[in-house]
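Take a look at the structure set out below.
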């Protein structure tokens, strides 16, 4: 007969493999969007925002910092529950959601500041699409973290049973990494 | 009601198979309309506008709503049984993936009554699909349908990947996995990595059409070739999504009906992986006529030749398996042999198309249409039909009539060649694809008539299959657990299997676990002694 521990290990294996497959597909999705962006940019001699000054980088730079910080916090949340610290887990998950919300607000601000519209040549569309799909993923990540927070409040997790926190963290790292690549592609390169 | 709520992999498999078969018949009817229109010069069966809608929906239906779901149906039913598991990894997601597929199919077809079906061909080239040139809602239905079908396939593929990696019975190492499972693992990986490109392509088109972005609008900094690159980066791997499950079925059927283990098990397994990898490096061979730089032409031409190698390896492995085997020429083996013969023609015409000067000459002609139907009808559909006759006893406890099965095979094989061999010749004679009619002085009339006669033979062959099905299902189940004296675990349980599949999860000691159990004196592990 299968023991409870074996059953839990099996379910954890399924969750981790499943999420990895999802992230692989998501990575190709964003990779394709970025390739489309490069394809359009390279086929156009005059690409707006090609030489942005350092002053232009303040808002997106701050935003990038906030998202990186949130990734650090969610890794701490995971460590807290591995120690059995349920209070610490809840506090850190909330902080992640808060930082996510600040990031979304910052992205909105940035988009309005640039004054771009989806219909402004190909550039406006590609900027809008890249930032939009990434923002959607951050919001999805926030929903996932909120669900983990609610389960944490109900006492669902323990030092040995917190696979949902773990995979939420993986998703959050992924969303952060995607933004870093996008930031480099859109602003720096 | 219990069928609507089911999360059992066998029932979902049957739902996929039956829905896919219904769409196959619809796509077949569309093909018949096309052949009626083209049977004679200056045909008047369809007006040009409707003709465009019908051939677009024929391609879209056969690829996304028929052949893909039929492969998924067999995978759903068989993979847990083949690897000795009780179900897939995520049964509820499995049901979700089926219902999203149904929704996508309904959405696609609701375009007909709601303002006209999409009419720009199954690959919907931009900028033709931009609002300025396709103002109707057909393309929007097509986009939304594709998005849902892509979502369904992605969910399903992730489920199969996790199932195959995590839920194999004790002793079922990768090196002992049935070839069909290998083939479907690669198929699922291809889907996960190729579909996002299609998703991006159609999302950008949707934004262009609905939000006024300019991704494919050359006048505003966009690029029309962006569509072709994105689409074919998905589109060519898609060919392998359509053919690999059929190759997997053939690799199961040929050994069982030759009474021999598969020749070169490992190379057959790894050749699927090689096909999967190479499949991602050949997309621009669909774009040889778009003015690519010479270096790109050379690379993509060479890659396209290279993909013939792992494919050829499989062909020779099947032939070597049959060589000196005790062949039983039952219907499943006939269809498998049909697959091999027809797929070779599809493959060789494919290699011809990889030669750039030939491609420049016959691009967008009936040569290409003939080639792709030898691959997808002669290949995929023959392979899937072999699977139907082979696994029907497992799924229903009844065996289909051999006499009617052979009649089905004969009609379909002759009909298929009567349709598509003339296509290849018509292409060489210069007949472009997608034209709604032609004039009598172009010299294409008799070959077109021949093709239309062949199409009727194919249609009749499927009526024979339907009659066979109805006749068999009206008889009581015979409960044959293992009518073919087969090799693999799905035949170890009752037919049809109980909801839990196996009373006890089997332990696997070789590549032909059931054969070893039934014939210990000839077990595979003795062969080395």
I need the full set of residues from region B:68-91 which are in a loop (DSSP other than H, G, I, E, B), within 14 Å of chain A (Cβ to nearest Cβ) and surrounded by 24 or more Cβ atoms within 10 Å (Cβ to Cβ), in order please. B:88, B:89
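Residue by residue, here is whether (1) within 14 Å of another protein chain (Cβ to nearest Cβ); (2) more than 16 Å from the chain's Cα centre (by Cα); (3) at pLDDT 95 or above; (4) in a helix (DSSP H, G or I) holds:
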| residue | (1), (2), (3), (4) |
| --- | --- |
| B:164 | yes, yes, yes, yes |
| B:168 | yes, yes, yes, no |
| B:191 | yes, no, yes, yes |
| B:232 | yes, yes, yes, yes |
| B:238 | no, no, yes, yes |
| B:245 | no, no, yes, yes |
| B:252 | no, yes, yes, yes |
| B:273 | no, yes, yes, yes |
Name the one entry in B:244, B:262 that is under 19 Å from residue B:371 (Cβ atoms) and crowded, with 21+ Cβ neighbours inside 10 Å. B:244
Does residue B:143 qualify as being within 14 Å of chain A (Cβ to nearest Cβ), modelled with pLDDT of 95 or more and buried (at least 19 other Cβ atoms within 10 Å of the Cβ)? no
Reported set for region A:32-52 where residues are modelled with pLDDT of 90 or more and more than 8 Å from chain B (Cβ to nearest Cβ) is A:34, A:35, A:37, A:38
Just one listed residue, out of A:99, A:184, is surrounded by 18 or more Cβ atoms within 10 Å (Cβ to Cβ), away from chain B (no Cβ under 14 Å), closer than 30 Å to residue A:37 by Cβ and free of Cβ contacts under 8 Å to residues at least 40 places away in the same chain, and it is A:99
From the option list B:426, B:376, single residue qualifying as out of contact with any strand residue (DSSP E or B) (no Cβ under 8 Å at 6 or more places or on another chain), assigned to a helix (DSSP H, G or I) and touching a residue at least 40 places away in the same chain (Cβ under 8 Å) is B:376
Within region A:1-30, how many residues are under 30 Å from residue B:225 (Cα atoms) and either at the interface with chain B (Cβ under 8 Å from one of its Cβ atoms) or more than 15 Å from the chain's Cα centre (by Cα) (or both)? 7
Could you tell me which of the residues B:65, B:114, B:96 is in a helix (DSSP H, G or I) and either free of Cβ contacts under 8 Å to residues at least 12 places away in the same chain or surrounded by fewer than 24 Cβ atoms within 10 Å (Cβ to Cβ) (or both)? B:96
Run residue A:82 past the list (1) out of contact with any helix residue (DSSP H, G or I) (no Cβ under 8 Å at 6 or more places or on another chain); (2) touching a residue at least 12 places away in the same chain (Cβ under 8 Å); (3) within 14 Å of chain B (Cβ to nearest Cβ) and report the number of the one that doesn't hold. (3)
Of the numbered conditions (1) in a helix (DSSP H, G or I); (2) more than 15 Å from the chain's Cα centre (by Cα); (3) without any contact (Cβ under 8 Å) to a residue 60 or more places away in the chain; (4) crowded, with 19+ Cβ neighbours inside 10 Å, residue A:116 satisfies every one except a single condition; which is it? (1)
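The values are calculated or read from the model by the stated rules, or taken from the named source; none is laboratory data. What you are looking at is a predicted structure, and each value in this text was computed from that prediction instead of being measured. Glycine gets a Cβ as well: all are built from the backbone with ideal geometry, and neighbour counts include every protein chain shown.
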